[in-house]
Amino acid sequence: MLRGKAFKFGDNISTDHITPGRLAHLRSNLPELAKHVLEDADPTFASRVKAGDFIVAGNNFGLGSSREHAPLVIKMVGVNAILAKSVARIFFRNAINLGLPVLICNTDNIDDGDELEVDLARGTVNDITRANQLTFGKLPEVMLHILNEGGLIPYIKKYGDFKL
Amino acid sequence: MGKTLAEKILSQKSGSDARSGDIVIAQVDLVFAQDTTGPLTIRQFQACGFERLANPEKTILFLDHAAPSPNRGMSNDHILLHQFAQQTGCLIYDVGEGICHQIVAESLAKPGDVIVGADSHTVTAGALAAFATGMGSSDVAIAFGLGKTWFRVPESIKIMVSGKFPHGVEAKDFVLHLIGTIGADGATYKALEFGGDGMDNMSMSERFTIANMAVEAGAKVGLFPADRITEGYLSSQGRGDHYQPMFADRDASYEKTINFDLAALEPTVAKPHNVDNVALARELKGTKIQQVFIGTCTNGRLEDIAIVADTLKGKRRHPETRLIVAPASPQVLLTAIRAGYIHTLVEAGAIILPPGCGACLGLHQGVLGDGEFCLSTANRNFKGRMGNPEAFIYLGSPATAAATALTGEITDPREVM
Ligand code: SF4
């Protein structure tokens, strides 16, 4: 069971909002890059987010670049999972590859600051603040398998190959 | 039942009967990373315990995003990439040797290939009927090490085009119109497959522009058939032997088909801060522009620079509008020099950047000031994209960019042609 606070974002949060190109020189200095996570969407986010919190977004979260640094710094600051109505393809795969859960659900009724409880195994989100329960869609089998191993690198280290 | 192009290529490369929705493991014909995603790719490759590349001759590093490097951090990343190339024997294209997608198009991709790159615009090679898609560093690191990757075979959306571009209208206007129509997530997880008789009139350069922006609609790949135009292009690049015809089967099944009449299009512009936020260029008349940027993997080819040079010949840019031009590759630059285009552009007041991504992603060479407006021929106008979240980016065709550089405000190119 994961428990934390919701940080609410709108639609079309791009990888440029999360880790802008102007900070490309920090990509080999991840702790420094993480201090700027989501800076262009909410400059106060990095200083307010706590380990265990959730990013809650609208449609098409993570569109744009293939830079894996975007989910990487989100994970580094301790975000438990990303909840969104939809997620762009490359970002989705990158997050799962890093062991960061991405949950597709209708986030309309979750507000900024709500206390959430997520049960990954049962596929439910409990919005404690609003006494509201949601369910999220199941991941495709292969992604679930990768996520359960903690990401793609541990998965390949364990199996030596794709085991579909 | 017949197969889409996506199903055909993934069937061949996975040795299975691949149908949309299936999960397959496919051999990759080409795998690459660039200087902003390559260092993490190398670290993931090493974290996985790999010591050797599956196919060094099919593995490539490109130093194109910071070319040449503007700071110490990027310079040190470049050193890391060079060291990795030395150790593993992979190919490396150094600073100044061009944008990854342009080099893949000119020299490497061929019909029927599976290509994965740690860069979202890897989709550009879909114009050559290659199943080419962007992935993150972990996936690409595994493809470096194993020479293969997994795919969910995408459903395909058929984009049928008819007619010809009217005077002053270009491939860029079409693809912006297309994204405006289906939305920035209109093709998420899907393949876009282009067809129709309008394609017979479309050059490879135009097809690259369109395939390049498939990802801006969320698509996994934007595929064109390999036809006589593809063959002509590969021959002109000295790669005629790389050609094989590739078409979807007539009875392939598509999620849906959308029709477009090229003749009905007008110069189109995407407004800040999303690519699907489109309007007609003429509707934006009066919008003052401080910087015009022409280049990138979308529109930095010879044909693009030729249009700009034609429009600017004997004229001068607006005094309050910077004009920055970045050819996509040395081949483009050299040909543009020989054709006199560069001479024309410099006389018109342009700044010529070395082949590379230039100002596109806000690393250097054209970072916008607070409150400034830019008209760019790139593929993205997200907030902060060109180095400053307080700036505003409009996307348009090379013709619209040239017309805008002349007048200092967003201008329908038909007004100055
Ligand atoms: S030109 Fe722009 S979009 Fe193309 S690869 Fe370079 S940074 Fe990416």
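The values are calculated or read from the model by the stated rules, or taken from the named source; none is laboratory data. Values in this document were obtained by computation on a predicted structure and should not be read as measured data. Note that we place each Cβ from the backbone using ideal geometry, even for glycine, and neighbour counts take in every protein chain shown.
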Looking at A:Leu83, A:Leu72, A:Leu30, A:Leu23 in this structure, which one is in contact (Cβ under 8 Å) with a residue 40 or more places away in the chain and either within 16 Å of the ligand (Cβ to nearest atom) or surrounded by fewer than 19 Cβ atoms within 10 Å (Cβ to Cβ) (or both)? A:Leu30
Among what's in region A:46-69 and is touching a Leu at 6+ places or on another chain (Cβ under 9 Å) and part of a helix (DSSP H, G or I), pick the residue that is farthest from B:His121 (Cα to Cα). A:Ala46
In region B:213-250, how many are within 16 Å of the ligand (Cβ to nearest atom), assigned to a helix (DSSP H, G or I) and either under 18 Å from B:Val114 (Cβ atoms) or without any contact (Cβ under 8 Å) to a residue 24 or more places away in the chain (or both)? 2
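Residues are listed down the side, and each one gets a yes or a no for (1) closer than 30 Å to B:Ala187 by Cα; (2) within 14 Å of another protein chain (Cβ to nearest Cβ):
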{"site": "A:Gly52", "(1), (2)": "no, no"}
{"site": "A:Val56", "(1), (2)": "yes, no"}
{"site": "A:Asn59", "(1), (2)": "yes, yes"}
{"site": "A:Leu63", "(1), (2)": "yes, yes"}
{"site": "A:His69", "(1), (2)": "yes, yes"}
Residues of region B:344-367 classified as more than 15 Å from the ligand (Cβ to nearest atom) and in contact (Cβ under 8 Å) with a residue 60 or more places away in the chain, total: 0
Using the structure shown, decide if B:Gln87 is more than 13 Å from chain A (Cβ to nearest Cβ), surrounded by fewer than 23 Cβ atoms within 10 Å (Cβ to Cβ) and under 20 Å from B:Gly147 (Cα atoms). yes
Reported set for region B:48-78 where residues are touching a helix residue (DSSP H, G or I) at 6+ places or on another chain (Cβ under 9 Å), surrounded by fewer than 20 Cβ atoms within 10 Å (Cβ to Cβ) and acidic (Asp, Glu) is B:Glu51
Criterion first (buried (at least 24 other Cβ atoms within 10 Å of the Cβ), in contact with a strand residue (DSSP E or B) (Cβ under 9 Å, 6 or more places away or on another chain) and not charged (D, E, K, R)) does B:Gly186 satisfy it? no
Among the residues of region B:81-99, is there at least one that is within 13 Å of the ligand (Cβ to nearest atom), under 17 Å from B:Thr298 (Cα atoms) and at pLDDT 95 or above? yes
Restricting attention to region B:114-130, which residues are within 14 Å of chain A (Cβ to nearest Cβ) and part of a strand (DSSP E or B)? B:Ile115, B:Val116, B:Gly117, B:Ala118
In the set B:Thr404, B:Thr335, which member is surrounded by fewer than 18 Cβ atoms within 10 Å (Cβ to Cβ), assigned by TED's automatic domain parsing to the domain that holds B:Val278 and among the β-branched types (Val, Ile, Thr)? B:Thr335
With (1) out of contact with any Asp or Glu (no Cβ under 6 Å at 6 or more places or on another chain); (2) modelled with pLDDT of 95 or more as the list, and A:Gly4 as the residue in question, which single condition is left unmet? (1)
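Can you tell me which of B:Ala118, B:Ala127, B:Ala143, B:Ala132 is at pLDDT 95 or above, under 14 Å from the mean Cα position of the chain (by Cα) and over 19 Å from B:Ala217 (Cβ atoms)? Spell out the reasoning first.
Details: B:Ala127 fails: over 19 Å from B:Ala217 (Cβ atoms); B:Ala143 fails: under 14 Å from the mean Cα position of the chain (by Cα); B:Ala132 fails: over 19 Å from B:Ala217 (Cβ atoms).
Being at pLDDT 95 or above, under 14 Å from the mean Cα position of the chain (by Cα) and over 19 Å from B:Ala217 (Cβ atoms) holds for just one of B:Ala118, B:Ala127, B:Ala143, B:Ala132, which is B:Ala118.
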